[in-house]
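Just below is one structure, and these are the notes that go with it.
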Amino acid sequence: MVFTNTYSLQGSDSMIDINGMAHVILTVSQFDAAHKFYSGLLPEFGMTKVNDGPDLLYYVGARTAIGVRRCDPSFNNERFEQYRVGLHHICLRAKSREAVDQTARLVASLGANIVRGPEQRDWAPGYYYVLFEDPDGIRLEVNYVPGAGLLEPDASFGSAEDYVRKDGRDLVGAT
């Protein structure tokens, strides 16, 4: 099936002005463990809990919101698979390299599996990050990119090989 755009703003003087990401909801099978993990993590990011119900934990702040939702009972035995259709990982932007380092220490103290980092990579000029997993294995990243990052003149999008997979494996260590 092919979808076509039947409405376009091309030729219009206006552009849709997006102002960041409003929220993301993560559906988890280990709700109690995820509740504990995110309740330790998100307040440290300057986020405020606005809902703490039996099936949804929801924090707002840092110019976004993150919700943690209990999965349907038929999926209780499942874990996150990064290359399944849907979410690959979520990345939050830090204001400094030190904040990335603080995040690494915090998530380690919360028992998270740190997949990689903190370290610098060439995905954008000065790209510094930590990649970790929540109790369901959902991957989260916190990164810092100085200045305009990829919008700097002559900036490049790292190595093209970082995003190539062969036989179900990354050719290079991509997030």
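Which one of these is in contact (Cβ under 8 Å) with a residue 12 or more places away in the chain, surrounded by 17 or more Cβ atoms within 10 Å (Cβ to Cβ) and assigned to a loop (DSSP other than H, G, I, E, B): Asp136, Asp122, Asp101?
On the way: Asp122 fails: surrounded by 17 or more Cβ atoms within 10 Å (Cβ to Cβ); Asp101 fails: assigned to a loop (DSSP other than H, G, I, E, B).
Step by step, each of Asp136, Asp122, Asp101 is checked, and only Asp136 is in contact (Cβ under 8 Å) with a residue 12 or more places away in the chain, surrounded by 17 or more Cβ atoms within 10 Å (Cβ to Cβ) and assigned to a loop (DSSP other than H, G, I, E, B).
Which of the residues spanning segment 59-81 are surrounded by fewer than 17 Cβ atoms within 10 Å (Cβ to Cβ) and of a type in the set (D, E, K, R)?
Arg63, Arg69, Asp72, Glu78, Arg79, Glu81
Checking the structure you have, find out if any residue of segment 48-56 is polar (S, T, N, Q), surrounded by fewer than 17 Cβ atoms within 10 Å (Cβ to Cβ) and over 22 Å from Ser109 (Cα atoms).
Keep residues of segment 48-56 that are polar (S, T, N, Q), which gives 48, 51.
Checking the rest, the ones that are also surrounded by fewer than 17 Cβ atoms within 10 Å (Cβ to Cβ) come to 48, 51.
When the remaining residues are screened for being over 22 Å from Ser109 (Cα atoms), the result is 51.
Among the residues of segment 48-56, at least one is polar (S, T, N, Q), surrounded by fewer than 17 Cβ atoms within 10 Å (Cβ to Cβ) and over 22 Å from Ser109 (Cα atoms), which makes the answer yes.
Which one of these is of a type outside the set (A, V, I, L, M), touching a residue at least 60 places away in the same chain (Cβ under 8 Å) and surrounded by fewer than 15 Cβ atoms within 10 Å (Cβ to Cβ): Gly111, Gly40? Talk me through it step by step, then tell me what you get.
Working: Gly40 fails: surrounded by fewer than 15 Cβ atoms within 10 Å (Cβ to Cβ).
On inspection, the qualifying residue turns out to be Gly111.
Look through Ser156, Ser109, Ser96 and report the one residue that is modelled with pLDDT of 95 or more and over 21 Å from Arg63 (Cα atoms).
Exactly one of Ser156, Ser109, Ser96 is modelled with pLDDT of 95 or more and over 21 Å from Arg63 (Cα atoms), namely Ser109.
Looking for something loosely packed, with under 11 Cβ neighbours inside 10 Å, at pLDDT 95 or above and not in a strand (DSSP E or B) - is there at least one such residue anywhere in segment 82-92?
No; the residues of segment 82-92 include none that is loosely packed, with under 11 Cβ neighbours inside 10 Å, at pLDDT 95 or above and not in a strand (DSSP E or B).
Give Gly86, Gly46 a once-over and let me know the one that is under 30 Å from Val164 (Cβ atoms) and among the small types (Gly, Ala, Ser).
Numbers: Gly46 fails: under 30 Å from Val164 (Cβ atoms).
Of Gly86, Gly46, the one residue that is under 30 Å from Val164 (Cβ atoms) and among the small types (Gly, Ala, Ser) is Gly86.
Can you tell me which residue in segment 142-155 is surrounded by the most Cβ atoms within 10 Å (Cβ to Cβ), limited to those that are assigned to a strand (DSSP E or B) and either touching a Gly at 6+ places or on another chain (Cβ under 8 Å) or of a type in the set (S, T, N, Q) (or both)? Explain how you work it out, then say what you get.
Of all residues in segment 142-155, those assigned to a strand (DSSP E or B) come to 142-144.
Filter once more, keeping what is either touching a Gly at 6+ places or on another chain (Cβ under 8 Å) or of a type in the set (S, T, N, Q) (or both): 143-144.
Details: Asn143: 25, Tyr144: 22.
Step by step, filter segment 142-155, then rank; the result is Asn143.
The values are calculated or read from the model by the stated rules, or taken from the named source; none is laboratory data. Quick caveat, the model's predicted, so the values are computed rather than measured. Heads up, the Cβs are rebuilt from the backbone with ideal geometry, glycines too, and the neighbour counts pull from every protein chain shown.
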